[in-house]
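Accompanying notes for the structure given below.
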Amino acid sequence: MTHTPTPSSPDDAFHIAAGQEGVCLCMLGDWRLDRLPRIDAALGQSRQALAGVQVVDGSRLEALDTAGAMLFCQHLKDAGLDPGQLRWQQFPQRHQDMLALVRSRMQESTVVTPARGSLMHQLGVWGARGLVYGRDYLVFLGHVGEALADWVRRPAAFRHREFFVQLEAVGVGALPIVAMMTFLIGVVFTYLLGIQIEKFGANIFIVDGVGLAVARELAPLLTALLVAGRSGAAFTAQIGAMKVTEEIDAIRTLGLSPIQVLVLPRLLAIMITLPLLTFVANISGLLGAALVADVQLDITWYTFFSRLQDVLPLYTVWLGLAKAPVFAAAIAIIACQNGFSVSRDARSVGEHTTRTVVWCLVSVILIDALFAIAFPKIAP
Amino acid sequence: MTAPILEVENVVTELGGRRLHNGVGFTLQPGRITALIGGSGTGKTVLLRECIGLIRPAGGQIRLFGQDILSLGPRAMNRVRQRFGVLFQEGALFSSLNVADNVAVPLREHTPLSKALRDRVVAMKLALAGLPPEAATKMPSELSGGMKKRAALARALALEPELLFLDEPTSGLDPISAREFDTLLRTLCDSLGITVLMTTHDLDTLWGMVDRVIVLHAGQVIADGPVDEVARVDNDWIRTYFSAHAEGRGHGI
């Protein structure tokens, strides 16, 4: 059989010619994945010639893979031909097998593109998701309340070991970083305030300002933010990883309550340690302030602390410390709830850990704002 | 005879101070399905991972498509990597991408296809692996074990590999899905001419679809050949292995 190339084949992938047995398409060379774009373009340009093909010849085909076979069958179909009705000649057995397999699976292969809704649809989805989150938190709070009530009834069921482990991780582990950060903030705050206050010659009043700021806002807030980033993220990652490896299900199956075993020890540990850390933060913040006051403003350590005793009401210190357990509860609930809502894949752990940190920071600052509104006075 | 696809020679592996393989060797000819069997902890998966260049053996030689992969540079190794596909035990689908995008990853990295063409190739691969079109937009976490394996197979087949490595392809599947998966693999390998090396514990797979069995025991290959020959080999471990399963099988097939 002889074939003559026609202008209808702009590429060297095939040519179409009239032979003794009808119009014959002769496949040439390499029909593999990396040449697919060129073959696709060539077939697209010869669509009209393709429609008349009756015979397909594979004698000069060197290589064929499933992608090539799929593309060819697709173009034949687009040209209005049924690949099953054509005569396929001189194809080696393996190519015939492949073509048969590809043809049989062609019907099932359709390109599905994910649906993307309109803006209103998106808004609706976000809103609904927000409501679901809200409900999830309420349900989780309910479970925690139930576990707490259970603990009051049966104190022996409390997990002491886990509690002390968390106490150490959340409290002792955070001591150096909390002390260092608040010391530095004390230094910076006093330095900047001192520059202004010197202009008025009101050096001694630095004690009033720094004492109030550290005890009421800086120490509780900074400590809570540090612990939220440090322990909140850890809670979510720990519980989330346990969820992925089905440990949570195992706990439940063994007749234990995951809330009892995992959440209560963390919740109590963080609620106890955060006020203690805040106290440490108060001390180190004031030490930093006293250091700068001594160096920059010529206020001796003795003067600083005796003035502090006069002007800083104990009420303010207590108020600052009282905020800590509330921050702590919010951090523990958000972190543990996110840990439990991790789904069983790797990406989910990271996603929920991020969400924990963001929501912990937001809620700590919101709670702080609520405190400021509820207790606006400096002294009772 | 055609050139061998994979040659493993005298491979020695030491893991954690323990000698896992003590001179393992075999050769794969094109177009056959070969299974590596052996007890748990005999290093089947480790050997498989050495063949695909994820672990470096302490000694010996591994040649893929005639190239010594232990002395290849990273770029040459990447070219070799495009010629084989791997199906990991748990599928190892990327959890942040949906099924279609998972299959599209190798195509996007290594081929010049346009998006439209790529989408069609992906749809084809999914159909070849026996997945319904709706599965394309699902996330891996929404798939059942069998569907995950199929999606992972579609990804392994994306670059039209000449050689497929399968790590326990039927583990975690129910017997019906497992047999379907076997049939699918057999069909694909026969019609696409792919060579397969798998590790398995599944005796039904061995009897049903495997051309050749290599038995690893105590760090060495103790038997190598068609299933019925290997099953007759006079060795304690092999006898126990085949009879333990046979008793559980009732009256055979």
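General observations
- Among the criteria (1) crowded, with 18+ Cβ neighbours inside 10 Å; (2) within 14 Å of another protein chain (Cβ to nearest Cβ); (3) in contact (Cβ under 8 Å) with a residue 24 or more places away in the chain, the one B:Ile214 does not fulfil is (2).
- Residue under evaluation A:Leu267, criteria (1) modelled with pLDDT under 90; (2) hydrophobic (A, V, I, L, M, F, W, C); (3) in a helix (DSSP H, G or I), criterion not met: (1)
- Given (1) farther than 26 Å from A:Gln74 by Cα; (2) modelled with pLDDT of 85 or more; (3) not in a helix (DSSP H, G or I), index of the condition B:Gly85 fails: (1)
- Checklist (1) touching a helix residue (DSSP H, G or I) at 6+ places or on another chain (Cβ under 8 Å); (2) under 30 Å from A:Ala157 (Cα atoms); (3) touching a residue at least 60 places away in the same chain (Cβ under 8 Å) applied to A:Pro275, failing item: (3)
- Subset of region A:133-165 that is assigned to a helix (DSSP H, G or I) and touching a Leu at 6+ places or on another chain (Cβ under 8 Å) - its residue that is surrounded by the most Cβ atoms within 10 Å (Cβ to Cβ): A:Val144
- The residues of region A:352-380 that are within 14 Å of another protein chain (Cβ to nearest Cβ) and buried (at least 17 other Cβ atoms within 10 Å of the Cβ) amount to a single one, A:His352.
- When B:Leu163 is tested against the conditions (1) touching a Phe, Trp or Tyr at 6+ places or on another chain (Cβ under 7 Å); (2) at the interface with another protein chain (Cβ under 9 Å from one of its Cβ atoms), the lone failure is (2).
- Unmet requirement for A:Leu36, which otherwise passes all of (1) within 11 Å of another protein chain (Cβ to nearest Cβ); (2) surrounded by fewer than 18 Cβ atoms within 10 Å (Cβ to Cβ): (2)
- Residues that are part of a helix (DSSP H, G or I), among the basic types (Lys, Arg) and within 14 Å of chain B (Cβ to nearest Cβ) within region A:309-351 comprise just one, A:Arg347.
- Taking region B:1-63 as the region of interest, the strands (runs of 3 or more DSSP E) fully inside it that hold 1 or more residues being surrounded by 15 or more Cβ atoms within 10 Å (Cβ to Cβ) and acidic (Asp, Glu) are B:6-15.
- No other residue among B:Ala104, B:Ala58, B:Ala76 is free of Cβ contacts under 8 Å to residues at least 12 places away in the same chain, of a type in the set (A, V, I, L, M, F, W, C) and more than 11 Å from chain A (Cβ to nearest Cβ) apart from B:Ala76.
- Qualifying position, being at the interface with chain B (Cβ under 10 Å from one of its Cβ atoms) and farther than 21 Å from A:Asp12 by Cα, among A:Gln107, A:Gln85: A:Gln107
The values are calculated or read from the model by the stated rules, or taken from the named source; none is laboratory data. Just so it is clear, the model here is predicted, and its values are computed rather than measured. Because the Cβ atoms are built from the backbone with ideal geometry, glycine has one as well, and the counts that use them run over all protein chains shown.
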